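The next block holds one structure in the form of C-alpha cells; read it before the comments.
The values are calculated or read from the model by the stated rules, or taken from the named source; none is laboratory data. Given the structure is predicted, the values throughout are model-derived calculations rather than measurements. Ideal geometry is used to build each Cβ from the backbone, glycine not excepted, and the neighbour counts take in all protein chains shown.
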Amino acid sequence: MTSSGYTLPVWVAAAAVAAVQRLCGEAPLSSASPNVLLQLQPDAVAPELPPLVAVAVEGAALLGPDRALGISRCEPGDGLDLTRGLAVWVEARWTEPLPGESWLQLEAGEGVGVLAGSTELCVSAFARALLACNLQPLLPDRCGLKLRITLPGGRQLAQRTSNEAFGVVDGLALIGTQAAVQRSADPDQLARARAELVRRAADPALARDLVLVIGENGLDLAPSLGLPAPLLLKAGNWIGPLMVAAAERGVERLLLFGYQGKLIKLAGGIFHTHHHLADGRLEVLTTQAALLGLPLEQLQRLARAASVDEALRELAAEDGAAAQALQQQLAGAIEERSAAYVARHGQRGLRIGAVLFDRGRSLCAQGPGGAELLQAFRARDLG
C-alpha cells in the first residue's frame with residue numbers, strides 16, 4: 001500500500017502561513033521542528049473543525065518591515081509525481097484592501113501557470129479557500145495581504161504536463177481540489193471511491209444520482225457549469241468498476257463528465273483508462289468517423305493525427321459540421337458502450353449519460369442521456 005502526501009496547494013499554503021507568521025512578529029521557525037499548523041479542510045465550519053495538521057516548511061525570513069518570504073518543498077508521498085522536491089516560495093506583504101476587492105490578492109511569479117493571454121494565476125477554488133481559511137485568522141484588523149507565488153523550475157516541469165493544451169501557460173497550475181494526493185491508477189484510489197459510494201448510499205438526498213468526474217480539470221470545471229458539488233465523485237482511471245459499484249449501490253442516474261481525449265476510450269470498450277494499460281484513442285476516433293460515413297481521405301487524416309484534439313481541430317477546419325457530428329457520435333457511443341458494460345456485470349436499469357469537454361475547458365459534446373442528466377442535475381438544489 002502506498003502512502004499519500006499533499007498536493008501542491010498545501011505546500012503553497014504552508015509557505016504562505018510561514019511568511020505571514022514572520023510578518024506578524026512571530027519568532028523564526030525552529031530547525032528542530034520546522035512545521036506550521038494547517039487546516040486542510042477549508043469547507044469545514046465551527047464548531048466541527050477538524051484538527052490542525054503539521055506540515056513541514058524549510059523556513060521563513062523577513063525581507064523588510066512589511067514583506068516576508070516563506071519556503072516549503074513538495075512531498076507528494078509514494079509513487080511517481082513530477083512535483084516531488086519542487087521548491088515553493090511565497091512572498092507575503094501587507095496591503096490596504098480597496099473597496100469591493102478581496103483582502104487576499106494572488107500574484108503569479110516565475111514557474112506558476114497563468115491563463116493564456118492574461119496574467120491571471122490559474123488557481124482552483126479549493127486552493128484559494130485553503131489559503132483564505134489558514135491566513136485570515138492571522139491578519140491584523142483592516143489589513144489585506146498580497147502573495148506572490150514562485151515555483152522555481154515550474155516552467156520546465158509544466159512542459160511535461162497538458163497544462164498548455166488546457167489554456168494554462170508559463171508554469172504549473174494550482175488546480176488541486178483536495179489536500180491529499182490521490183493516485184488515479186492506484187487500487188487504493190478505487191477503494192476510497194467505493195467507500196465514498198457506500199457513504200452516499202446512506203444519504204437519501206444523494207443515493208440516486210451521481211456524477212463520475214475524470215481528472216482534476218473536470219473536478220474543477222464541473223461546479224462552474226452548475227453541477228452540484230455533493231454529486232461529484234472523482235473516478236480517476238477506474239471508470240468501469242465504479243460504474244458497476246454505483247449500480248450495485250442503487251444509483252439510478254449516472255453522468256460521466258470528463259475530457260474528450262480520456263472518455264473516448266470508453267467508446268472503444270476500454271474501461272480502465274490509464275495509458276499504461278491501453279490507448280487506442282485514434283483508432284476509436286477513426287472507427288466512429290467511419291460509422292458516421294466520413295470519406296476515406298478524412299479517415300486517413302484522423303488516423304495519422306498526433307492526438308484526438310489535433311484530429312478534431314483539423315477536421316473542424318475542413319468541415320465544422322462533420323467535426324461536431326463526430327463529437328456527438330462519440331458521446332453517444334460512450335453512453336451505449338458504458339450501459340452495455342454495466343449490463344454485462346449483471347446491473348441493469350442505470351441511466352448513463354456522457355458530457356465531454358475539450359482542452360479549452362469548453363463543453364464540446366453531450367450524448368442523449370448526457371444532455372438530459374446535465375439539465376436535471378443542474379436543477380437540483382443540494383445547498
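Say whether the condition of being within 20 Å of Asp220 (Cα to Cα), small (Gly, Ala, Ser) and either crowded, with 16+ Cβ neighbours inside 10 Å or modelled with pLDDT of 95 or more (or both) is met by at least one residue in the range 70-78. No, because not a single residue in the range 70-78 is within 20 Å of Asp220 (Cα to Cα), small (Gly, Ala, Ser) and either crowded, with 16+ Cβ neighbours inside 10 Å or modelled with pLDDT of 95 or more (or both). Among the residues of the range 237-270, those identified as small (Gly, Ala, Ser) and out of contact with any Gly (no Cβ under 8 Å at 6 or more places or on another chain) are Gly240, Ala245, Ala246, Gly250, Gly261, Ala267, Gly269.
Between Leu255, Leu232, Leu242, the distinction of being farther than 14 Å from Glu196 by Cα and among the hydrophobic types (A, V, I, L, M, F, W, C) belongs to Leu255 only. In this structure, does Gln347 turn out to be on the phi < 0 side of the Ramachandran plot and either among the acidic types (Asp, Glu) or part of a helix (DSSP H, G or I) (or both)? The answer is no for Gln347.
Here's the yes/no breakdown for (1) touching a Phe, Trp or Tyr at 6+ places or on another chain (Cβ under 6 Å); (2) without any contact (Cβ under 8 Å) to a residue 24 or more places away in the chain:
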| site | (1), (2) |
| --- | --- |
| Pro99 | no, yes |
| Gly113 | no, no |
| Gly117 | no, yes |
| Leu121 | no, no |
| Leu130 | no, no |
| Cys133 | no, no |
| Cys143 | yes, no |
| Thr150 | yes, no |
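Within the range 236-253, being surrounded by 22 or more Cβ atoms within 10 Å (Cβ to Cβ), assigned to a loop (DSSP other than H, G, I, E, B) and modelled with pLDDT of 90 or more holds for one residue alone: Val251. Residue-level check: of (1) surrounded by 14 or more Cβ atoms within 10 Å (Cβ to Cβ); (2) aliphatic (A, V, I, L, M); (3) touching a residue at least 60 places away in the same chain (Cβ under 8 Å), Ala205 misses just (1). The conditions of being surrounded by 17 or more Cβ atoms within 10 Å (Cβ to Cβ) and over 23 Å from the mean Cα position of the chain (by Cα) are not met by Gln366.
Going through Leu256, Leu285, Leu292, Leu263 one at a time, which residue ends up being surrounded by fewer than 19 Cβ atoms within 10 Å (Cβ to Cβ) and assigned by TED's automatic domain parsing to the domain that holds Val342? Steps first, please.
Working: Leu256 fails: surrounded by fewer than 19 Cβ atoms within 10 Å (Cβ to Cβ); Leu285 fails: surrounded by fewer than 19 Cβ atoms within 10 Å (Cβ to Cβ); Leu263 fails: surrounded by fewer than 19 Cβ atoms within 10 Å (Cβ to Cβ).
Checking each option against the conditions leaves just Leu292.
Restricting the search to the range 120-161, which residues are surrounded by fewer than 18 Cβ atoms within 10 Å (Cβ to Cβ), within 21 Å of the chain's Cα centre (by Cα) and among the polar types (S, T, N, Q)? Those that are surrounded by fewer than 18 Cβ atoms within 10 Å (Cβ to Cβ), within 21 Å of the chain's Cα centre (by Cα) and among the polar types (S, T, N, Q): Gln156, Gln159, Thr161.
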